[in-house]
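Below you'll find the structure, written out as structure tokens, and then a few comments.
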Amino acid sequence: MSTKQFDRPLNHVITSSELLAHWQGHRSLTRRVIQAFPEKEFFNYSLGGMRSFAEMTLELLAIAGPGLKEIVTGETQALNEHIDSKNQKELVLNLWDQATEEINTYYNQITQDRFHETIKTFGQYEGTVISSIFYFIDNEIHHRGQGYVYLRNLGIEPPFFWER
């Protein structure tokens with residue numbers, strides 16, 4: 001794969017607003033995956049030594065909103081996945097909704113010329129603004145796939161992945 005894959009401005013293939021809508025479609029689907037879990041299994045169920053889906057979700061909450069805030073404000077904070085969910089799925093869903101609004105707020109403050117700017121998220125992960133955003137999205141898709149496996153193993157039909 002060429003390292004020149006991000007040499008063109010974002011709007012040659014997709015607009016900034018289309019990328020945000022794509023991301024929010026994924027977030028909507030992940031929210032439905034969270035909802036599909038019974039409360040106990042959301043926090044306690046795992047396979048093969050993996051984390052519970054709640055723990056994965058808390059990681060996602062620690063990355064996307066705070067990562068975008070850092071991109072916009074330049075204020076570096078350490079990655080903090082220790083979010084107190086009080087083992088309440090409804091609280092996690094509320095935090096998810098707050099993060100979704102935070103993403104909208106901060107994403108819309110990123111100017112077109114910044115997407116290819118080199119940054120270091122959480123003070124340690126170097127890349128460009130766009131590669132960081134792609135990581136945020138890809139990481140969510142990866143963990144959501146693990147959630148699908150958990151749901152299927154629990155005998156629960158997950159939401160259709162194409163319904164975003």
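Given R₀ = 35 Å, FRET efficiency for Leu93-Val13 by Cβ-Cβ distance, to 0.05? With a Förster radius of 35 Å, E is 0.60. Straight-line cross-link reach from Lys120 at under 12 Å between alpha-carbon atoms covers these aspartates and glutamates, not counting any fewer than eight positions away in the same chain: Glu70, Glu75. Heavy atoms of the protein chains alone define the surface here; on that basis the chain has 55 Å² accessible area per residue at 1.4 Å probe size. Longest stretch of the chain clear of exposed loop sites (chymotrypsin sites (Phe, Trp or Tyr not before Pro), DSSP loop, at most 13 other Cβ atoms within 10 Å, sites excluded): 1-159.
Per atom type, the chain shows carbon and sulfur on 51% of its accessible surface, probed at 1.4 Å. Look at the dipole of the chain built from charges on Cβ: of Thr30, Val72, Tyr148, the Cα furthest out on the positive end belongs to Tyr148. Placing unit charges on the Cβ atoms only, positive for Lys and Arg and negative for Asp and Glu, gives the chain a dipole magnitude near 320 debye about its Cα centre. If R0 is 35 Å, the Cβ-Cβ spacing of Gln35 and His116 corresponds to a FRET efficiency of close to 0.45. A full extension of the chain between Phe160 and Ser28 corresponds to an added length of 46.3 nm, given 0.36 nm per residue minus the alpha carbon distance. Under the combined filter of DSSP loop state and at most 10 neighbouring Cβ atoms within 10 Å, the stretch 79-164 retains these GluC sites (Glu not before Pro): Glu163. Remark: the stretch 98-164 carries a charge dipole of roughly 160 debye about the Cα centre, counting +1 on each Lys and Arg Cβ and -1 on each Asp and Glu Cβ.
The values are calculated or read from the model by the stated rules, or taken from the named source; none is laboratory data. Fair warning: this is a prediction, and the values are worked out from it, not measured in the lab. Note that each Cβ is placed from the backbone with ideal geometry, even for glycine, and that neighbours are counted across all protein chains shown. When the accessible area is computed, the model is the full protein with side chains, heavy atoms only, and any ligands, DNA or RNA have been set aside. Shrake-Rupley method; radii C 1.70, N 1.55, O 1.52, S 1.80 Å.
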